[in-house]
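S.K.: One structure follows; several queries about it will come next.
The values are calculated or read from the model by the stated rules, or taken from the named source; none is laboratory data. Please read these numbers as outputs of a predicted model, since none were measured by experiment. Here the Cβ positions follow ideal geometry from the backbone for every residue, glycine too, while neighbour counts run over all protein chains shown.
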Amino acid sequence: MPFVTAGDPDLEFTSAVIEELVARGASMCEVGIPYSDPIADGQVIQESYTRALSRGIKVSDILQTLGQLAPRINGPLVTMVSHAIIYRHGMERYADALQDKGIAGMIVPDLPVDESDGLAAVCKTRDLSLIQLVTPTTSRDRALKIADTSSGFLYYVSVAGITGERSVVPQELQERVGWLREQTSLPVCIGFGISQPEHVRVLCQVADGLIVGSAIVRRMADAATDSRDQALRQVGDYLSSLLAVMDAR
Amino acid sequence: MLPPPGSCSADVPDETGRYGKFGGRYVPETLVYALDQLAAEYEAACGDATFRGELDGLLQNYVGRPSPLFFARRLTAHCGGAEIWLKREDLNHTGAHKINNTLGQALLTKRMGKKRVIAETGAGQHGVATATACAHFGLQCVVYMGEEDIRRQAPNVFSMKLLGAEVRGVTSGSRTLRDAINEAMRDWMSSVETTHYILGSVVGPHPFPKIVRDFQAVIGRETIQQSHAQFQGLPNTVVACVGGGSNAAGMFYPLVGHHEVELIGVEAGGRSSSPGDHASPLTYGSPGILHGSFSYVMQDEDGQTSPVHSMSAGLDYPGVGPEHSYWKSTGRVNYTCCSDEEALAAFDVLASCEGILPALESSHAVAHAMAWARERSSDQRIVVCLSGRGDKDASEIARLKRG
């Protein structure tokens, strides 16, 4: 499952990348809504947000573009969005907009389960997924509570840290995810740090899905300097190389 | 309509970190563990006489507390109205109120068995105070500071390094305090198990606003005692500058229940009231989420943080502590703002009338106090929280005056 930043360098390219990735076999796509103060993100995604925002991108334009895209592709779209943005728009208004555009749900990385009751209720009445995160610092009791209030899938954060490519995945990861999958009927997907075929080979056996962000965003950024077709092909080829590892299993 | 007096409680926050509707905890799941640990450790420390005793001893013998409450006789005569008194936090070790909080949090760090400390800083006062506390306790210290602030507060950068801290320049966003907080939070995401984040203001996710307020409340408690000792009563009005709002929260909190005392917070009015020209979220902003907390903030219609401006690095921040938003909503504290120009003028007057160089941040409070005093009779009294000294600002003031 790829993550792409909306509007880097523009929405036309975002649309083209998502179409390409889905055509190459991505099962769904996570779209990052650029935010001015993303504390969970490493440099690659931060900078992509800053580039998009410096071009004056607006949330309404992003949702408009995704609304045109959604019916054309064979796989759901979810937004990764700060609660600062949702709050400013109004939880119900934001949820209505997603529903109206045919977007499947949202991941809100700065809304922990203790604060999410309101938004969870808003999502439930609209059949939108609210995908919540479990991390290595989450206790088991708390993980069960998060699994209870999450919908769509559970996002397991591979490391205590920010987004960004890493060379190795933590040893305990497989055991932790294995435990979590036994506790819930929701699919469990792993994200943060995943970028290499070797990661995919190890993790695709323990998770229902894998999320790749910074490695894709970094390749998308090349569109600013290289030709767009070339960047598009690069991103697509990269995804195919990861999917090939999964198919080989 | 004003809320009835007494609608503002001192019994905040609740256990979820709410001050009325403000506050809370809007952070990545990874940090919840560290925040829970901190809240539990703080609660335990509050009930521990040894902890309290150790902190009180340090405040007395290391910081030099109590800080004096000083009658500014010539400044009062200059304004020709109410008496102006100065709560001299500028005389603390390291030159500002920030040390009250960093010593408390460094003691908590030790209790938690953590060996590494990170901090953000704007004006550099909190960075210096953190580096100082870490040197005192033998803790490793990393301070995040925006590149723009590194430029305008160079003396403090030098001090931090001399104290053994590593200063990491932050080049993202506006390169000021807000970005330094982002970067410190990101560090903490990856280091929660071994590192404590000594946040310097009453902002951020619960329990930081409460912990910082409590450690700073020594300012208000001393002011109450000293007022009774020196003029047999409480002042009519107390004024403090508000960026994130820690000196103001520490000064105001013990006075919240004394309804006869008017409380005024002064934000940075910057160049003008136009968006981007000031740093006054309580005056011009609206409630929203920033840095883990629900409070007044400068944001655009999409929830993106807006650019702000103040010549004073310590006030150059688009948000404010949630308890200030609560005090504003209950009407207990009045918030106003004062321009760069008025603050600079107040700096000059205090320097020439009293021989005191106030920090540019504190100069905002001095400016408002002077205006207030001029309109009142000589039987009235105002106390200014003089939160820090201006030595750090000397070269920046010279630059600003050259225009």
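S.K.: Would you confirm whether any residue within the range A:202-212 is surrounded by 15 or more Cβ atoms within 10 Å (Cβ to Cβ), closer than 30 Å to A:Gly178 by Cα and touching an Asp or Glu at 6+ places or on another chain (Cβ under 7 Å)?
M.R.: yes
S.K.: When you scan the range A:35-47, how many residues do you find that are more than 8 Å from chain B (Cβ to nearest Cβ) and touching a strand residue (DSSP E or B) at 6+ places or on another chain (Cβ under 8 Å)?
M.R.: Count: 1.
S.K.: Check whether at least one residue in the range A:120-130 is within 13 Å of chain B (Cβ to nearest Cβ), buried (at least 18 other Cβ atoms within 10 Å of the Cβ) and either in a loop (DSSP other than H, G, I, E, B) or within 18 Å of the chain's Cα centre (by Cα) (or both), and report yes or no. Break it down into steps so the answer makes sense when it comes.
M.R.: Going residue by residue through the range A:120-130, those that are within 13 Å of chain B (Cβ to nearest Cβ) are none.
No, the range A:120-130 has no match at all.
S.K.: Would you mind finding the one in A:Asp37, A:Asp41 that is more than 25 Å from A:Val188 (Cα to Cα) and of a type in the set (Asp, Glu)?
M.R.: A:Asp37
S.K.: If you check A:Ser167 against the conditions, is it of a type in the set (Gly, Ala, Ser), more than 12 Å from chain B (Cβ to nearest Cβ) and more than 24 Å from A:His83 (Cβ to Cβ)?
M.R.: Criteria met by A:Ser167.
S.K.: Quick one: which of A:Ile33, A:Ile57, A:Ile86 is crowded, with 19+ Cβ neighbours inside 10 Å, among the β-branched types (Val, Ile, Thr) and within 20 Å of B:Leu31 (Cβ to Cβ)?
M.R.: Unique residue meeting the criteria: A:Ile86.
S.K.: In the range B:107-133, what residues are on the phi > 0 side of the Ramachandran plot and in contact with a helix residue (DSSP H, G or I) (Cβ under 9 Å, 6 or more places away or on another chain)?
M.R.: Once the filter is applied, which keeps residues that are on the phi > 0 side of the Ramachandran plot and in contact with a helix residue (DSSP H, G or I) (Cβ under 9 Å, 6 or more places away or on another chain), the range B:107-133 yields only B:Gly124.
S.K.: For the range B:28-85, what are the residues that are within 14 Å of another protein chain (Cβ to nearest Cβ), over 22 Å from B:Ala135 (Cα atoms) and among the aliphatic types (A, V, I, L, M)? Give the derivation first.
M.R.: Just the residues of the range B:28-85 that are within 14 Å of another protein chain (Cβ to nearest Cβ), to begin with: B:28-40.
Still in the running and over 22 Å from B:Ala135 (Cα atoms): B:28-37, B:39-40.
Hits for the range B:28-85 are B:Leu31, B:Val32, B:Ala34, B:Leu35, B:Ala39, B:Ala40.
S.K.: Inspect the range B:87-94 for any residue being buried (at least 21 other Cβ atoms within 10 Å of the Cβ) and over 29 Å from B:Gly138 (Cα atoms) and give the result as yes or no.
M.R.: Within the range B:87-94 (the criterion being buried (at least 21 other Cβ atoms within 10 Å of the Cβ) and over 29 Å from B:Gly138 (Cα atoms)), the answer is yes, since at least one residue qualifies.
S.K.: Residue by residue through the range B:387-403, note down the ones that are in contact with a Pro (Cβ under 6 Å, 6 or more places away or on another chain) and either of a type in the set (S, T, N, Q) or outside any helix (DSSP H, G or I) (or both).
M.R.: B:Gly390
S.K.: Do you know which residues across the range A:49-78 are touching a residue at least 60 places away in the same chain (Cβ under 8 Å) and within 14 Å of chain B (Cβ to nearest Cβ)?
M.R.: A:Arg51
S.K.: Restricting to the range A:80-96, what's the tally of residues that are touching a helix residue (DSSP H, G or I) at 6+ places or on another chain (Cβ under 7 Å) and away from chain B (no Cβ under 11 Å)?
M.R.: Counting residues in the range A:80-96 that are touching a helix residue (DSSP H, G or I) at 6+ places or on another chain (Cβ under 7 Å) and away from chain B (no Cβ under 11 Å) gives 3.
S.K.: How many of the residues making up the range A:70-100 are under 20 Å from B:Glu301 (Cα atoms) and touching a Leu at 6+ places or on another chain (Cβ under 8 Å)?
M.R.: 8
S.K.: Looking only at the range B:173-203, filter to residues that are closer than 21 Å to A:Leu53 by Cα and of a type in the set (Val, Ile, Thr); which one of those is farthest from the other protein chains (Cβ to nearest Cβ)?
M.R.: Here the answer is B:Thr176.
S.K.: Quick one: how many residues across the range A:147-160 are crowded, with 23+ Cβ neighbours inside 10 Å and facing chain B (nearest Cβ under 10 Å)?
M.R.: Selection size over the range A:147-160: 3.
S.K.: Is it the case that the range B:216-232 has a residue that's away from every other protein chain (no Cβ under 14 Å), part of a loop (DSSP other than H, G, I, E, B), under 26 Å from A:Gln43 (Cα atoms) and at pLDDT 95 or above? It would help to see each step written out before you state the result.
M.R.: Start the filter on the range B:216-232 by keeping residues that are away from every other protein chain (no Cβ under 14 Å), which leaves B:216-232.
Restricting the remaining residues to those that are part of a loop (DSSP other than H, G, I, E, B) gives B:217, B:232.
After this cut, where a residue has to be under 26 Å from A:Gln43 (Cα atoms) as well, the list is none.
No: the range B:216-232 contains no residue that is away from every other protein chain (no Cβ under 14 Å), part of a loop (DSSP other than H, G, I, E, B), under 26 Å from A:Gln43 (Cα atoms) and at pLDDT 95 or above.
S.K.: May I pose another question? Could we say that A:Ser158 is more than 12 Å from A:Pro136 (Cα to Cα) and in contact (Cβ under 8 Å) with a residue 24 or more places away in the chain here?
M.R.: no
S.K.: For the structure I just gave you, tell me whether A:Asp114 is within 11 Å of another protein chain (Cβ to nearest Cβ), in a loop (DSSP other than H, G, I, E, B) and out of contact with any strand residue (DSSP E or B) (no Cβ under 6 Å at 6 or more places or on another chain).
M.R.: no
S.K.: Name the residues in the range B:151-191 that are buried (at least 24 other Cβ atoms within 10 Å of the Cβ), in a loop (DSSP other than H, G, I, E, B) and in contact (Cβ under 8 Å) with a residue 60 or more places away in the chain, would you?
M.R.: B:Gln153, B:Thr176
S.K.: Please verify whether A:Leu180 is more than 14 Å from every other protein chain (Cβ to nearest Cβ) and crowded, with 19+ Cβ neighbours inside 10 Å, treating the condition exactly as stated. So that I can check it myself, show each step before the final result.
M.R.: Details: more than 14 Å from every other protein chain (Cβ to nearest Cβ): no; crowded, with 19+ Cβ neighbours inside 10 Å: yes.
When the stated conditions are applied, A:Leu180 does not pass them.
S.K.: Here is a further query. Out of all the residues in the range B:116-150, which are part of a loop (DSSP other than H, G, I, E, B) and either under 17 Å from B:Thr195 (Cα atoms) or at pLDDT 95 or above (or both)?
M.R.: Passing the criteria: B:Gly138, B:Leu139.
S.K.: Right, here's the next one. Considering the range B:357-388 alone, what residues qualify as being touching a helix residue (DSSP H, G or I) at 6+ places or on another chain (Cβ under 6 Å), of a type outside the set (Lys, Arg) and farther than 20 Å from B:Gly250 by Cβ?
M.R.: B:Leu357, B:Ala367, B:Met370, B:Ala373
S.K.: While we're looking at this one, here's another question. Any idea which of A:Val108, A:Val113, A:Val134, A:Val122 is more than 17 Å from B:Tyr26 (Cα to Cα) and of a type in the set (Val, Ile, Thr)?
M.R.: Every option except A:Val122 fails the conditions.
S.K.: Could you pull out every one of the strands (runs of 3 or more DSSP E) wholly within the range B:249-320 that has 2 or more residues that are away from chain A (no Cβ under 14 Å), among the charged types (D, E, K, R) and touching a residue at least 40 places away in the same chain (Cβ under 8 Å)?
M.R.: By residue number, B:262-270.
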